[in-house]
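Working notes for the structure below.
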Amino acid sequence: MAGFLDGLFPGGKYEKEFHDLKKKIAREPKNFYLLVKIGDLLEKMGKRAEALEAYGKASEKYSLNGFLVQAIAVNKVILRLDPSQSKIHNQLAELYAKREMVAEEKIERQVGEPTWKEVLSSLPVIPLFSDLKKEELARVMEKIQSKQFLQGSAICQEGEPGDSIFIISHGKVGVFRRNISGEKISISDLQEGDFFGEFGFFSNSRRQATVEALGETEVLEISKQDLEEIIREFPSVSEVLLQFYKERVLDTLLATSELFRSFPPQERKQILGKLQMEEFPVGATVLEEGAPGDSLYIIKKGQVEVFTLDLKGDPLPLARLQEGDFFGEISLLTGRPRTASVKVLRPAELLRLAKDDFDHIISDHPEIRQILEESLHLRLGEKMKALGVFRESPAKEGLV
């Protein structure tokens, strides 16, 4: 590699930039992205052949060190400059498809470079890729597009159509949503190898969060149309994505929920393990007034109506709740039977938290009790006003 760089004489206004990159490579030999920057610089200078050689070195380094996503990104650049190198995707797919092999590969390696066995064992398990055969992976690589973003740029925004999935090949991004008050709620930071955008694809909805580049960032994008075509051929892609979709949606829901938004990511993950998913069709009754209270519900998807019966026995609507709202907390706090019924207005996916798990969370996080007690006062007050029997506060009525 040193000989390759030494043989280049960029000259002119690019000379200092070139020599600075060369020095960085000497200091950071494992920072293969610097080789990509060398290729970018050479391409700017119109040195196409030299640029292709630099990109080829970068792709080789990434491949031999198990960085599949980054190698794909560089290969996209190589194909842009030289479409005749169409086999590079197949070669990379073959390398990744053989990750279970333990035999030594007979290839030339410089001193200190990993062996074939070491390469295969180091290849990461990456959603979308890990369960694919060589032909399937090569097809996915063909469909991927590479895009670059500067720091602060929005890669996708909340409310936009969810028509593609992204994988980070270089850099870091921040994911956030805004709550009903317009407050910016950080969901997570994602880095190289992570992917995002699967929510809109599976739910046929708009983006549920905004993603911004936290620095110079490169992403690989697969459009919804292309991904649907791949999934029709290779259903395993859909299965892998669906599992991650569920995990990400639930964590996003908790992060923006009034109850759990103050929890750090690790604690939210622990709560996720306690939640049980339940689905209800339109018209189904989730809770019945007067029944024992044994759980709290958080709405993942859909809409429900909270109602009671008036003095004549007719339904009296109290509230309509949707994604992110919760209900069922009154009985858990008071120990009394359900104070209202809940029916489904739109097909609903609800997260159920059992009473025992609820009690443990409350004991560890007393601030949650305060939020729930405020909700209790509000909802009991609304019920009594609706019935026309409200005289004092719920506490003075002996309901709290």
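The numbers here are math on the coordinates, done by the rules we state, and not lab data. All values derive from a computational prediction rather than experimental measurement. Using ideal geometry, Cβ is built from the backbone for each residue, glycine included, and neighbour counts are taken over all protein chains shown.
Worth pointing out:
- Packing-based ranking of 285-296, 270-281 yields 285-296, 270-281, ordered from highest to lowest mean Cβ neighbour count within 10 Å.
- Listed peptides 72-79, 362-369 by packing density, highest first (mean Cβ within 10 Å): 72-79, 362-369
- Rg/Rh for the range 207-294 (Cα atoms only, Rh after Kirkwood) is 1.07.
- Summary of the geometry: the range 292-335 and the range 251-283, compared by the centres of their Cα atoms, lie 17 Å apart.
- Too-long pairs where the Cα-Cα distance tops 20 Å, listed order kept, from K23/K57; K37/K76; K37/K172; K30/K134; K44/K143: K30/K134; K44/K143
- Linear extension gain, Q225 paired with E239, 0.36 nm per residue minus alpha-carbon span: 3.3 nm
- Stretch gain in nm, segment N179-K16, where the contour uses 0.36 nm per residue and the Cα spacing is subtracted: 53.9 nm
- Charges were assigned to the Cβ only: +1 to each Lys and Arg, -1 to each Asp and Glu. The resulting dipole of the range 270-387 about its Cα centre is roughly 300 debye.
- Simple spin-label estimate for D310 and A49 in nanometres, 7 Å along Cα-Cβ: 8.9
- Multiplying the residue separation of Q322 and A284 by 0.36 nm and removing their Cα-Cα distance gives an extension gain of 12.2 nm.
- Projecting label points 7 angstrom from Cα along Cα→Cβ for Q276 and E247 puts them 2.3 nm apart.
- Distance (nanometres) between label positions extended 7 Å along Cα→Cβ at R346 and D294: 3.0
- Protection-proxy order for peptides 50-58, 159-167, 225-233, each taking the mean of Cβ atoms within 10 Å per residue, highest first: 50-58, 159-167, 225-233
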